[in-house]
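**Student:** A single structure is presented below for examination.
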Amino acid sequence: MAGEPENEQLLIRRARGGSLEAFNELVLAHQDRVYSAAYRIMGEAESAADAAQDTFITAYRRLSTYQGGSFRAWLLRIATNTCYDELRRRKRRPADSLEELPGAESDDGAPLPDQAATPEQVAQQQELNRALEQCIRALQDDQRIVLVMSDVEGFSYQDIADSTGANLGTVKSRLSRARASVRQCLQAFRELLPSVYRLDSE
């Protein structure tokens, strides 16, 4: 495991030199995380797959701008901006509601269950995951993006501000409202929640 960062930097240097094979290895290493982030922002599997593909195309074209540091974080910033741009395009040109499209009930983005869990625990965890995804999808676009970047992907406030073009105060405000909204939304599924997450004591 200790050699992975060095190996990744080698792949990046090779990819910058024009090696598609090296870049494809980078794609394989990061595609699941990029897709997961895109899915949480877009809320729909096909759009997330398109955003992930666009992310890697953009990343390949902009490899010369990568300045070092976490390559994963660099990719996720591109993914976030790609999703943000698509959401803004949709606002200008509204499409049909995703809820009304065929297959909207399927959830290709759900995480794999822990193999050590019992069937009952797996089922409950999947229900909770679906509830959480539903509450995140219900957020306004700006709030959903900062929530995913902060609480799912672990970006700092400054990274989020840099990626979204918002100031730190706006980022913190959006995140606070997003967390409050998700917490309130989850009370509709309170039987799935550990007691520590319930608003009222029993």
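Taken together, the values in this text are just the output of simple stated rules run on the coordinates, not laboratory data. Bear in mind the structure is a predicted one, so any value in this text is a computation, not a measurement. Note: ideal-geometry Cβ built from the backbone for every residue, glycine included; neighbour counts use all protein chains shown.
**Student:** Taking θ = phi - 60°, what integer Hz values does the Karplus form 6.51 cos²θ - 1.76 cosθ + 1.60 yield along the stretch 77-85, in sequence order, with x for Gly and Pro?
**Tutor:** 5, 5, 4, 4, 5, 4, 5, 4, 4
**Student:** Additional query: Evaluate the distance, in nm, between pseudo-label points positioned 7 Å from the Cα of residue 91 and of residue 183 along their respective Cα→Cβ axes.
**Tutor:** For the pair residue 91/residue 183, the computed spacing is 2.6 nm.
**Student:** For the stretch 137-150, take each phi angle, set θ = phi - 60°, evaluate the Karplus expression 6.51 cos²θ - 1.76 cosθ + 1.60, and give the result in whole Hz per residue in order, putting x for glycine and proline.
**Tutor:** Computed from phi, the couplings for the stretch 137-150 are 5, 6, 5, 4, 3, 4, 6, 5, 5, 5, 5, 5, 4, 7 Hz.
**Student:** So how far apart, in nm, are the two label points at residue 13 and residue 60 if each is 7 Å from Cα heading toward Cβ?
**Tutor:** That separation, rounded to one decimal, is 2.3 nm.
**Student:** Show the residues, 5+ positions off or on another chain, whose built amide H is closer than 5 Å to the amide H of residue 43.
**Tutor:** Distant-sequence amide H within range of residue 43: zero hits.
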